[in-house]
Structures are given as C-alpha cells and as structure tokens.
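What follows is a single structure, written as structure tokens, with notes after it.
Derivation of every value follows stated rules applied to the coordinates shown; laboratory data play no part. Since we're looking at a predicted model, the values are computed, not measured. All Cβ positions, even for glycine, are placed from backbone atoms using ideal geometry, and neighbour counts span all protein chains on display.
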Amino acid sequence: MGPRLFIAALVVFISLATPHFSASGQQSSTPALPTVPPKLTSLPNNVLDAELQSARGYPFRLSDYSGKVLVVNLWATWVAPSRQETPELVKLQAHFWSKGVRVVGLSTEDPKMSADEVHAWVRNYHVQYRIGWAPPDVATILMQGRDAIPQTFVISRNGRILKRFVGFNATFTPLQFKEAIEEALKEKTESLEPN
C-alpha cells in the first residue's frame, strides 16, 4: 500500500471513528451530511417583491404578475443556449398572451456593464416580453445552487412553481415549455370547477 493510499484510508477511519454531534450538542452515531437547500415550490416573498430594473427603464416586481401564469427566464447575452431559447420565448408570449401568460426575462449580468448588449438583444430578437436584470440575491435564490444558465420557471396563477428547466435543448425544450404552460392554465380551470 502506497503512502497516499494509507493516509487516505487513515483519514476515512478517523472520520468514521470520531464522534459527531448534532446541532443541539447531542452525540450522533452518523457523520453529518452536507445540507441541500430545499427545492422551491413557489417564489419567496423576497423574490416576488424585489424591485427589478427593466431594460425599458422603469422598475417592476414579479408580484406585479399575480394571478397570471408567469414564465421567468434567467439568461445572459453571452450564453449560447439563450440565443436559441429567446425566439422560442417570443413565440410562447405571442401564442399565450391572450390566455394571461406573461414571460419575464431576467439577465444575470451586471446592468451597468450589459445595458447596451441587452438593448441590442431586445431589438435583434424582437422581444415583446418584459426584459430586466436579476439582482445577485434574487438570482441566487432562484438558481438554488445550480449556476447553469439559462434557467426557466413556469409558475401557475396561484404562485406554484410547476416546472423548472435548467439549460435549453432546441429539439425538446420548446414543446416542454408549451406543455408546462398548458398545465398551468389547466390548473386554474380545474381549481374554478365545483367539487
């Protein structure tokens, strides 16, 4: 057995043999595991009520869309999949607008450094939905430890996150977006029907 392997085995043995304590100070028989943030089931109030900067110059909040099916897209101008995804989001907004669906694109870039690129993006892709910036604290909460972009959330009228997409696949994701939005619209219809 080489010295490195011996040291690694010794570290594992000591870790397993050393007593571990819970948060209350009580000895635990098993080593502590790293904590994983809970999966978001709805947007927290500090995200809903955060003042967001719009590319068109005025502030807004995600809570402004209360009662709508909301599609929140985290993106960046330098991310290749965002170039494929944006035209699909433009189509979705046009298709579902009359049914109360709203798309909001939030760039994860610094607003001062990316303003020109974001304005060009809106023009080049003929974006009709709201575009703005996600402050770092909002982006961190939404990304839940997964820093891959783009990320898209489909949120029902009652605020429940129905689907979270990480990344974009031109073959599969557009249909999955549409299915998730239709599910969100159906959820509202079902909740209005008498029991």
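Things worth noting here:
- Relative to the current alpha-carbon distance between Arg83 and Glu182, full extension at 0.36 nm per residue lengthens the span by 33.2 nm.
- Cα-Cα over 25 Å, subset of Lys39/Lys112; Lys68/Lys163; Lys112/Lys163; Lys39/Lys68; Lys91/Lys163; Lys68/Lys91: Lys39/Lys112; Lys112/Lys163
- Quotient of Cα Rg and 2.2 N^0.38 Å for region 45-192, N being how many residues it contains: 0.97
- Antiparallel DSSP beta bridges within region 45-192, as percent of all bridges there, nearest 5: 55 percent
- Positive dipole terminus of region 59-195, leading residue within Ser66, Phe165, Leu89 (C-beta point charges): Ser66
- ³J(HN,Hα), Karplus 6.51/-1.76/1.60, whole Hz, each residue of region 151-167, x for Gly, Pro: 10, 10, 10, 9, 10, 6, 4, 8, x, 7, 6, 8, 8, 10, 10, 10, x
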